[in-house]
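The values are calculated or read from the model by the stated rules, or taken from the named source; none is laboratory data. Remember, predicted model here, so these are calculated numbers, not experimental data. Counting neighbours? That spans all protein chains shown, and the Cβs are built from the backbone with ideal geometry, glycine included.
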Amino acid sequence: MIGLASRQAKSKKQKESTGATSYVCNSCSSEGVYIDHTRGEVICSNCGLVLSDRSIDMGPEWRAFTADEQNSRQRVGGPMDWSKFDQGLTTIIGRQNVDASGRKLTSTRRAQIHRLRKWQIRTKVHSSDKRNLAVAMTELHRISSQLSIPYSIRETSAVIYRKALRKRLTRGRTILGMIAASLYLACRVHQVPRPLEEVCEHIHITRKELSLCVRLILRYLNLKVPFASPIDFIHRFGTELGIPGAAKKKAIDILQLAKEQRLTIGKDPKGMAAAAIYVASILTGSRRTQLEIARTARVTEVTVRNRYKEMVDKLGISTT
């Protein structure tokens, strides 16, 4: 009895310190639990003891069986979105000119709503920073859609641009260049890097301008941006070239050996990835020409040839 009481006290203390979702079994002192949302029970996954049968359902009190029913019954808006200049929190006055019951508004009421709508639009961008953000976030959505950038990376790039704007780093720089630099750095943070040349192609700015904006952000913002690894480019380049999965796996193994031999130090990661793909395509029988690989990786044929010779000589790979 004393041991059971001590275990119960331990369980209560554990739940009080870590929150209601943390449980310790009173019988076997196991912390592994299974939550049955259908029955509202918390069950020990080790011995099967029911620890709680009164779980709170945090979902809505209504039920919906179709998407239309779900949208019509929701009473809240979407979450905060950093890629929108107002974070998605601004009130929107519609243009339907009807009231909540669907009846048409009178001419006097319509004129009043028109004035409110006009001032609502004006107050959204009442300062220079808001106007800057409005233009920048519009460009961010356009560029990310052209580059097929996922939502998480777009959110990170929006946060980086907002920090740069707060530090007044955008003065003297184009909005397009700064938002492109933020997007490029966000891709590197999420370890899905995009080459500078590819970003420049879709945004129509020079590589020099983009590089200057990238260095400016890295200099004044405390960002931990990892260096691009050649392995991060393998799957993308391999998919564009249409090589099989075995060739991609072989290219990754070659790059790992090259990294152990310190061959990747001071080398362009795109060139190293292109050379590894070229070697792997030869070894697996799915050969691609140096010109095809160079165009996909946006490097020169000379770079692919030089990195290929270094890998073959230093790693002792036979391609004949």
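Listing for the model above:
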| item | result |
| --- | --- |
| Sole exception among (1) within 30 Å of Thr174 (Cβ to Cβ); (2) in a helix (DSSP H, G or I); (3) in contact with a helix residue (DSSP H, G or I) (Cβ under 9 Å, 6 or more places away or on another chain) for Ala251, by number | (1) |
| Pick from region 281-305, criterion assigned to a helix (DSSP H, G or I) and without any contact (Cβ under 8 Å) to a residue 12 or more places away in the chain, ranking: farthest from Ala247 (Cα to Cα) | Val302 |
| Positions within region 237-255 being under 26 Å from the mean Cα position of the chain (by Cα) and either in the same structural domain as Gln191 (by TED's automatic domain parsing) or surrounded by 16 or more Cβ atoms within 10 Å (Cβ to Cβ) (or both), in sequence order | Phe237, Gly238, Leu241, Lys248, Ala251, Ile252, Leu255 |
| Flag if Gln120 is touching a His at 6+ places or on another chain (Cβ under 7 Å) and either surrounded by fewer than 18 Cβ atoms within 10 Å (Cβ to Cβ) or without any contact (Cβ under 8 Å) to a residue 12 or more places away in the chain (or both) | no |
| Qualifying position, being surrounded by fewer than 21 Cβ atoms within 10 Å (Cβ to Cβ) and either among the polar types (S, T, N, Q) or modelled with pLDDT of 90 or more (or both), among Leu218, Leu196 | Leu218 |
| Among (1) of a type in the set (A, V, I, L, M, F, W, C); (2) part of a helix (DSSP H, G or I); (3) loosely packed, with under 13 Cβ neighbours inside 10 Å, the one test that Leu133 misses | (3) |
| Cross-chain or 6+ apart pairs with Cβ under 8 Å, region 261-280 first and in contact (Cβ under 8 Å) with a residue 12 or more places away in the chain and outside any helix (DSSP H, G or I), then surrounded by fewer than 24 Cβ atoms within 10 Å (Cβ to Cβ) and among the β-branched types (Val, Ile, Thr) | Asp268/Val299; Asp268/Thr303 |
| Residue in region 84-96 that is over 19 Å from Ala164 (Cα atoms), surrounded by 12 or more Cβ atoms within 10 Å (Cβ to Cβ) and in contact with an Asp or Glu (Cβ under 7 Å, 6 or more places away or on another chain) present | yes |
| Where a residue in region 39-68 is in the same structural domain as Ser29 (by TED's automatic domain parsing) and in contact (Cβ under 8 Å) with a residue 60 or more places away in the chain and its partner, wherever it lies, is among the hydroxyl-bearing types (Ser, Thr, Tyr) and exposed (fewer than 14 other Cβ atoms within 10 Å of the Cβ), with Cβ under 7 Å and at least six apart | none |
| Residue match in region 99-107 (condition: touching a residue at least 40 places away in the same chain (Cβ under 8 Å) and either exposed (fewer than 12 other Cβ atoms within 10 Å of the Cβ) or outside any loop (DSSP other than H, G, I, E, B) (or both)) | no |
| Evaluation of Arg54 against (1) within 30 Å of Ile160 (Cβ to Cβ); (2) more than 35 Å from the chain's Cα centre (by Cα); (3) of a type in the set (D, E, K, R) (one fails), failing number | (1) |
| Complete set of residues in region 256-285 that are surrounded by fewer than 16 Cβ atoms within 10 Å (Cβ to Cβ) and among the small types (Gly, Ala, Ser) | Gly266, Gly285 |
| Single match in Leu241, Leu210, Leu257 (criterion: within 19 Å of His190 (Cβ to Cβ), in contact with a helix residue (DSSP H, G or I) (Cβ under 6 Å, 6 or more places away or on another chain) and of a type outside the set (Phe, Trp, Tyr)) | Leu210 |
